[in-house]
Amino acid sequence: MMSMFFQRASTLWTRQLGLLSLSLLLSGCSLLPSPAPQLQHIVFEPVHVSAQTRPIPESIQRVIDRPDDLWGYLAWGFSWQHDDPDVDRERARILQQPQFFEVLSERANPGLAWIVQEIERRDLPLELALIPIIESMLDPWAYSSQRAAGLWQVSPATAAHYGLEVNWWYDARLDIPVATEFALDYLLELNAAFDNDWLLALAAYNGGWGRVTRAIQHAERHNKPTDYWSLRLPRETRRYVPRLLALAQILRDPAAYQVDLPVVSRDPGVLAVATHGQIELDRAAELAGIEAGELRRLNPAQLRWATDPQGHGLLWLPANRADVFANQLAELTPEQRVEWAHYQIVPGDSLSTIAQRFDTEVNLIRAVNQLDSHFIRAGDELIIPRSGQWTEGLAGTAIDWPPTPVRKNRATQRYQVRSGDSLWVIARRHGTTVSKLQELNGLRANSYLQPGQVLQLGE
């Protein structure tokens, strides 16, 4: 029943436009000391349009005019269409948010571009690429009030059940390639469980397999239809699928909705390099010749100032800096990768005085030594990283390692959002956590900020 629904709309046009073929060109870069994973590059063949053809849909024209445009390519590949009042309402809600697509375009690379390539590689519906938009607004550090994390909003329970690695150093839910692989595998399982009905699979991704199954069983007991649109589902799940379909409608023909989409490259522009051991992220950024903030942006799953000494050892870098990094990394001695100081506490010491002595931060010392409080004992030994500059990375892990709160008076309890702000940036600036900001302001993981918006910082 749904197979006809999911047939690519583009096939209607190929009869008139000629064959629009795609060739998938797998190219990789051999990096030292080990080869980096290959990245997929999608290349468009020329499109020949006859003078006798009908007008070209706007979405197809964008692909012809801007072959490297991610939005145009998505629009070309979309095939799901469904007219429903719920879709109309969700489309209106999206269009009422003036900076919606501007925010998405700023965040689209490398995450969304990578996701699209993985979906293409698996020959899955391109509409699945919209799930991270609905879930997290493409914020790689998005955390929900239920502690779901990352672009795909994977919960701690789901991560544990499926064996996704989450430890003090690294969170696979924030690792875009790893989380994407898991999410697509999970979606395929759900789709198979619901007889290849993608709409039911999407509903289950949001509301849970059991909830959708019970809704179907209830409908069957009352001799009612069991398609997505007929089921009794929670309000959030009832809005979830229409919102995705509404977003696809807008992207398919933005001109019809007076939406001007910025150009976004379809090339993620990143390569993975194996570190083969722990390395400070500040040092890695220096070796690659990029800013520490850029390395942090590309590696949101790295929770601390250094990579996991026992586990995940891949860093994502701009493709044009990967070779440089790999070659310089090979020249480092183990002592040059991570520098530590070992300090024995003496009577009268405090974390504050020790931090001042080593030109570092109290919170960093606590994190390194996994201290639950400021209490220390004379005679104990502390490990102190000599490089204390990776504070930006630590702040991004506020969900399980909250920095010491900043004392605020009533004048600083509120903050007016500025252009370029994100919850993570604001939390870092004001000594709070992303989850706390979400809780205080009634924000969800997929919420986005608008300049001028006023946020409450504390109670």
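The values are calculated or read from the model by the stated rules, or taken from the named source; none is laboratory data. Computed from a predicted structure; not experimentally measured. When we count neighbours, we look across all protein chains shown, and the Cβ atoms used for this are built from the backbone with ideal geometry, even at glycine.
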Subset of the stretch 316-366, residues in a loop (DSSP other than H, G, I, E, B), aliphatic (A, V, I, L, M) and either assigned by TED's automatic domain parsing to the domain that holds ASN109 or modelled with pLDDT under 90 (or both), comes to LEU332, VAL338
Would you please list the contacts, defined by Cβ atoms under 8 Å and residues six or more apart or on different chains, that run from a residue in the stretch 204-218 that is in a helix (DSSP H, G or I) to a residue that is of a type in the set (Lys, Arg)?
ALA204/ARG211; ALA215/ARG232; HIS218/ARG232
For the stretch 227-240, state whether one or more residues are loosely packed, with under 15 Cβ neighbours inside 10 Å, among the small types (Gly, Ala, Ser) and at pLDDT 90 or above.
yes
ALA301 - would you say it is within 30 Å of LEU190 (Cβ to Cβ) and touching a strand residue (DSSP E or B) at 6+ places or on another chain (Cβ under 6 Å)?
yes
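Taking the options TYR228, TYR240, TYR257, name whichever one is more than 22 Å from ILE115 (Cβ to Cβ), hydroxyl-bearing (Ser, Thr, Tyr) and in contact (Cβ under 8 Å) with a residue 60 or more places away in the chain.
Of TYR228, TYR240, TYR257, the one residue that is more than 22 Å from ILE115 (Cβ to Cβ), hydroxyl-bearing (Ser, Thr, Tyr) and in contact (Cβ under 8 Å) with a residue 60 or more places away in the chain is TYR257.
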Quick check on this structure: which one of ASN299, ASN320, ASN327 is out of contact with any Leu (no Cβ under 8 Å at 6 or more places or on another chain), of a type in the set (S, T, N, Q) and under 30 Å from ASN109 (Cα atoms)?
ASN320
Mind listing whichever residues of the stretch 244-275 are touching a Gly at 6+ places or on another chain (Cβ under 7 Å) and either part of a loop (DSSP other than H, G, I, E, B) or assigned by TED's automatic domain parsing to the domain that holds ILE134 (or both)?
THR275
Filtering the stretch 358-383 down to residues that are under 13 Å from GLN344 (Cα atoms) and in contact (Cβ under 8 Å) with a residue 40 or more places away in the chain yields LEU382, ILE383
Residue hits (the stretch 80-125; under 20 Å from the mean Cα position of the chain (by Cα), among the small types (Gly, Ala, Ser) and either part of a loop (DSSP other than H, G, I, E, B) or over 26 Å from PRO177 (Cβ atoms) (or both)) are ALA108
Condition (residue is without any contact (Cβ under 8 Å) to a residue 40 or more places away in the chain and farther than 26 Å from LEU126 by Cβ) applied to the stretch 303-316: is it met by at least one residue?
yes
